[in-house]
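To start, the structure under review is shown below, and the notes come after it.
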2 protein chains.
Amino acid sequence: MQMSRVRVHISVSADGYVAGPNQSEENPLGEAGERLHDWVVALRAWRAPHGLEGGEVNASNAVVEEAQANIGAEIMGRGKFGGGPGPWGEDPWRGWWGEDPPFHMPVFVLTHHQREPLTLSDTTFTFVTGGIEAALEQARAAAGEKDVLIGGGADVINQYLGTGHVDELELQVVPLLLGGGARLFEGIGLDLELEQIRVVEAPGVAHLKYRVVK
Amino acid sequence: MQMSRVRVHISVSADGYVAGPNQSEENPLGEAGERLHDWVVALRAWRAPHGLEGGEVNASNAVVEEAQANIGAEIMGRGKFGGGPGPWGEDPWRGWWGEDPPFHMPVFVLTHHQREPLTLSDTTFTFVTGGIEAALEQARAAAGEKDVLIGGGADVINQYLGTGHVDELELQVVPLLLGGGARLFEGIGLDLELEQIRVVEAPGVAHLKYRVVK
């Protein structure tokens, strides 16, 4: 039996940003940040789990299907879940994704502010105030034999990378220079050894998959 | 007849550095920076123009041969040429490469300090104090119908990118996190539009080639 792994699959600009400059509550991906995801939202492999028909089929489909496969839980930062900083309030934000979020699995949201779990369709968001180690422990328990996805944003991914928890890292490198924003690998360096395990060329994106050497 | 183009082909870490942290005169590539070039120095396509026999043949060979083809002149910064900052002195530095440098073409070195041209075998180094536009004009004239390579370091490449002079950009992405050093694309951003034209998987490197959209 293969051990449960911790995985990252993230779209990144050619200059290393996972969101553009001038991020705000209204524009969480920052200036031009949504262009990081143009390649994926056009794909059948992305549209199907979002309940959408049609879509392109190209070399990225197999990459996206592989990235989605065998994931049993996701961890995300509060920025990705959304709703702004501070206490959740009486009518708390329910995420960007409507009543049927595309996760279809347990999601653990890192936050400084306590909140009861939120179930929308077959996705339950659990709000973790105990930090990244506590969130990983809960996500591993929820995922069972499956893997845990670190869904972002950059600060959350960087924290899990920096503490040596990530086993697999896939960069979807987009031909775009954002010039600022949320930078992947900030604060990481030579302590983390990568082994290239696969490169795939696809329209408008290069898929670079690495194993973190331990 | 195809117009002469300005090209960049550069090894870069997965976190976007073309040299590691703590660069010095003794260690111009910085800490672990030499690992950026492990993939290429092992290749037959690199060893042959350096007068060395043997070498590996893999998917990178065609990429390197293509990168070397049709180059008529190179522009480099003083950091790449070496010898430290300040006036050249009476017994000036003659480069890192011995009496038969691997360029075999005119090389233009950006410097603040005047110096007579230096010819070593079939490479002539011309020292340009008039700035990047003057160097490009001289390099274009020397290259004729061939292309001009912007050879580095990062600051020189970033200056030519930022002024819109680069037509083609190839990143040789190495599975390595340097965590600091000379950062490619520093100061560049959304003004520069990239179009992905080719991705090649090779042992220990991913070759990502872009056209700069004008």
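The values are calculated or read from the model by the stated rules, or taken from the named source; none is laboratory data. None of the values given here were measured: they were computed from a predicted structure. Note: ideal-geometry Cβ built from the backbone for every residue, glycine included; neighbour counts use all protein chains shown.
At-a-glance table
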item: Residue match in the stretch B:126-134 (condition: over 25 Å from B:Val41 (Cα atoms), β-branched (Val, Ile, Thr) and in a loop (DSSP other than H, G, I, E, B)); result: yes
item: Residue in the stretch A:130-142 that is over 19 Å from the mean Cα position of the chain (by Cα), closer than 25 Å to A:Gly187 by Cα and not β-branched (Val, Ile, Thr) present; result: yes
item: B:Arg140 vs. criteria crowded, with 16+ Cβ neighbours inside 10 Å, more than 14 Å from chain A (Cβ to nearest Cβ), basic (Lys, Arg) and not in a loop (DSSP other than H, G, I, E, B); result: yes
item: Extreme residue, nearest to B:Ser13 (Cα to Cα), among residues of the stretch A:191-203 that are out of contact with any Lys or Arg (no Cβ under 9 Å at 6 or more places or on another chain) and surrounded by 14 or more Cβ atoms within 10 Å (Cβ to Cβ); result: A:Leu192
item: The listed residue being acidic (Asp, Glu) and touching a helix residue (DSSP H, G or I) at 6+ places or on another chain (Cβ under 8 Å), out of A:Glu186, A:Glu193, A:Glu168; result: A:Glu186
item: Among the residues listed as B:Val63, B:Val12, the single one being under 27 Å from B:His165 (Cα atoms), touching a Leu at 6+ places or on another chain (Cβ under 6 Å) and at pLDDT 95 or above; result: B:Val12
item: Residues that are of a type in the set (A, V, I, L, M) and either within 16 Å of A:Lys80 (Cα to Cα) or touching a strand residue (DSSP E or B) at 6+ places or on another chain (Cβ under 6 Å) (or both), drawn from the stretch A:120-140; result: A:Val128, A:Ile132, A:Ala134, A:Ala135, A:Ala139
item: Matching residues in the stretch A:143-156 - criterion: being outside any loop (DSSP other than H, G, I, E, B) and either modelled with pLDDT of 95 or more or of a type in the set (D, E, K, R) (or both); result: A:Ala143, A:Asp147, A:Val148, A:Leu149, A:Ile150, A:Gly151, A:Ala154, A:Asp155, A:Val156
item: Subset of the stretch A:156-172 (residues that are closer than 24 Å to B:Leu169 by Cα and surrounded by fewer than 23 Cβ atoms within 10 Å (Cβ to Cβ)); result: A:Glu170
item: Listing of strands (runs of 3 or more DSSP E) fully contained in the stretch B:161-214 that carry 2 or more residues being more than 8 Å from every other protein chain (Cβ to nearest Cβ), among the aliphatic types (A, V, I, L, M) and without any contact (Cβ under 8 Å) to a residue 60 or more places away in the chain; result: B:205-213
